[in-house]
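Encoded as structure tokens, the structure appears first; notes follow it.
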Amino acid sequence: MRRSILAVIVVVLAASCGGSDVDVSTVPELPTISSQELETLLAESAEPVVVNVWASWCVPCRSEAPLLDRAARQPGVRFVGLNVRDDQDGARGFIAEFFPDAPIEHYFDPSGDLPLDLGGTRGVPLTFFFAAGGELVNLHNGVIDERTLALQIDEIKAR
Amino acid sequence: MEFTLLGAVFVGVVPLYLVLYWEAKRGNAASCTRNLWDVALTALVVGVFVGRLAAMVADGVNPLTNPGDILIVRGGVATGPATAAALATVAWLGRSELWPVFDGLAAAALAGLAGWHAGCLVRSACLGAPSELPWAFAQAGSPITRHPVEIYAAVLLGISAAAIALWRSRGRLLPGLPAAAALICAATVRLVTEPLRPTLGAGPVWWYVAGIVVGAAVAVARLRYRTTTGAGNGDAHPANEAR
């Protein structure tokens, strides 16, 4: 009996861990961006840019989101999120849960073609690393880990 | 799907098995009736699971509402909780012969860690801080040469594993000392190589310091135990009487 009560307490405590209290309605709609607009954004950026391709239905994207949130708070690098093959409600819900106040500019690409135009694939998650001026330095397929992310940010900052 | 992490795990598990095999052949682990290979693998799985859960909770991801994320180990494993859970698992599984089990795993665990770090070659993740030393190298397409920090860690851990295995093969040791030495070696290697690793924050430096402190405390306690009982060379432990 005591063990059952303890187990219930642990489960309730665990269930209350994490998550965000941000209301989805406070998250604005994501602007749609074309391939040309994205390339202009990258070319005109004075800072190196990390472009992360994500979707709300993508479980691995959830797994790397807290890491990206932390990395985006570092100075000297700009973070762009590209939501692909998704809907606005799903995307906004994801932002409310995982990026409530992260300094990441999110854009909407329902067709999912933009990553191909940048030299990537249709898989998610994808992370592109661009030096200032728009030169593609590296592309990481799949979930990114902290060491790789830190190393690639260091690379694009040093270019 | 990317399976390079699995490749790195394989590179770590092979030397772990080989050292256990070598030590068993030489009779080093004779005082222990447990199957150390099973204990090591169970501790590894429990450690990774707990470390992953801890990393998720620390990042604000609820493991109950996002259970699938637990499997995505690449999303992060918290080093400290993972190590503590692995050690606790070994302690639980070997509770009837605690020190022989820990000592039997000491050299093998270091060899496994050395292999895991050397597995960076499979993952293309060996590089750290920029360096102009002759052996520094750059990632493909980059002009910036860097310390191969994971190779440093692999070499240092490999040397530590060999030293402890040889130490154990030279004769009877006070139970607990090889395990304490292994913990100190593992934590020290991680501590000294940490400044060369690329990281988004400070890194789990305090966990490494804690590892050194715990290892030193165990060593001191075991040495005091010998002094107070008057026994030496491990003869005070009943498990060593069979040796």
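No lab work stands behind these numbers, since they all come straight from the coordinates. The structure presented is a predicted model; accordingly, all values stated were derived computationally and were not measured. Here the Cβ is made from the backbone with ideal geometry for all residues, glycine too, and neighbour counts use every protein chain on show.
Give the separation of the Cα centroids, the stretch B:125-195 to the stretch B:3-51, in Å.
Each part reduced to its Cα centre gives a spacing of 18 Å.
First select every other residue whose beta carbon is under 15 angstrom from the beta carbon of residue A:152; then total the charges, Lys and Arg +1, Asp and Glu -1.
+2
Take residue B:224 and residue A:158, extend 7 Å from each Cα along the Cα→Cβ direction, and tell me the distance between the two endpoints in nm.
Rounded to a tenth, the inter-label distance reads 4.7 nm.
What is the spin-label model distance, in nm, from residue B:64 to residue B:155 if the labels are put 7 Å beyond Cα along the C-beta direction?
Between residue B:64 and residue B:155, the simple spin-label model gives 5.0 nm.
Over all distinct Cα pairs, what is the inverse of the mean 1/r for chain B, reported as the Kirkwood hydrodynamic radius in Å?
Hydrodynamic radius (Kirkwood, Cα only) of chain B equals 19.0 Å.
Take the stretch A:2-158, compute every pairwise Cα distance, and split them into 5 Å bins from 0; I just need the percent in each bin.
Cα pair-distance distribution for the stretch A:2-158, in percent: 2, 9, 18, 21, 19, 13, 7, 4, 3, 2, 1, 1, 0.
Could you tell me whether the stretch B:1-137 comes out rounded, prolate or oblate from its Cα gyration tensor? Rule is a ≥ b ≥ c as square roots of the eigenvalues, rounded for a/c under 1.5, then prolate if a/b exceeds b/c, otherwise oblate.
oblate
Looking at chain B, identify the longest residue range that excludes and avoids all GluC sites (Glu not before Pro) in DSSP loops having at most 15 other Cβ atoms within 10 Å.
B:3-131
Highest GNM mean-square fluctuation, chain B, Cα pairs closer than 10 Å: which of B:179, B:217, B:106?
Looking only at B:179, B:217, B:106, the largest GNM fluctuation is found for B:217.
For residue A:112, list long-range residues whose amide hydrogen, built 1.01 Å from N in the peptide plane, is under 5 Å from its own amide hydrogen.
For residue A:112, whose amide H was placed from the backbone, the distant partners under 5 Å are A:85.
For chain B, with the dipole built from +1 on Lys and Arg beta-carbon atoms and -1 on Asp and Glu ones, taken about the Cα centre, which of B:101, B:175, B:7 lies farthest toward the positive end?
B:175
Provide the per-residue ³J(HN,Hα) series for the stretch B:128-144, in order, calculated from phi with Karplus coefficients 6.51, -1.76, 1.60 and θ = phi - 60°, each as a whole number of Hz, with x at glycine and proline positions.
x, 5, x, 7, 10, 5, x, 8, 5, 9, 10, 6, 3, x, 10, x, 8
Taking 8 Å as the Cα distance limit and 6 or more residues as the minimum spacing, I'd like the relative contact order of chain B as a percentage.
22 percent
Would you kindly compute the Cα radius of gyration of the stretch B:1-79 and its largest Cα-Cα separation (Dmax), both in Å?
Expressed in Å, the Cα Rg and Dmax of the stretch B:1-79 come to 16.2, 50.
Through the Karplus equation 6.51 cos²θ - 1.76 cosθ + 1.60, θ set to phi - 60°, convert the phi angles of the stretch B:165-182 into ³J(HN,Hα) values in whole Hz; use x for Gly and Pro.
Coupling constants for the stretch B:165-182: 4, 5, 4, 5, 7, 7, x, 6, 10, 5, x, x, 5, x, 5, 5, 5, 5 Hz.
If the elastic network links every pair of Cα atoms under 10 Å, which of B:190, B:34, B:74 fluctuates the most in the Gaussian network model of chain B?
In the Gaussian network model the winner is B:74.
Output the relative contact order of chain A, whole-number percent, from Cα pairs under 8 angstrom with separation of 6+ residues.
Computed over chain A, the figure is 30 percent.
Multiply the residue separation of residue B:95 and residue B:33 by 0.36 nm, subtract the distance between their alpha-carbon atoms, and state the gained length in nm to one decimal.
21.2 nm
For the stretch A:29-109, rounded, prolate or oblate, judged on the Cα gyration tensor with a ≥ b ≥ c (square roots of eigenvalues), a/c < 1.5 rounded, else prolate if a/b > b/c?
The shape class here is oblate.
Most fluctuating residue of A:111, A:45, A:35 in a GNM of chain A with Cα springs under 10 Å: which is it?
Maximum among the listed residues: A:111.
Kindly provide the helix-only [θ] at 222 nm of the protein assembly as shown, computed as the sum of -39,500 (n - 2.57) over DSSP H runs of four or more divided by all residues, to the nearest 500 deg cm²/dmol?
Rounded to the nearest 500, the figure is -17500 deg cm²/dmol.
If you keep only loop residues by DSSP, which chymotrypsin sites (Phe, Trp or Tyr not before Pro) in the stretch B:90-150 have at most 10 other Cβ atoms within 10 Å of their Cβ?
B:135
For chain B, which cysteines have no disulfide-compatible partner, meaning no other cysteine Cβ under 4.7 Å?
Cysteines lacking a close Cβ partner in chain B: B:32, B:185.
From the square roots a ≥ b ≥ c of the eigenvalues of the alpha-carbon gyration tensor of the protein assembly as shown, which class results: rounded (a/c under 1.5), prolate (a/b over b/c), or oblate?
prolate
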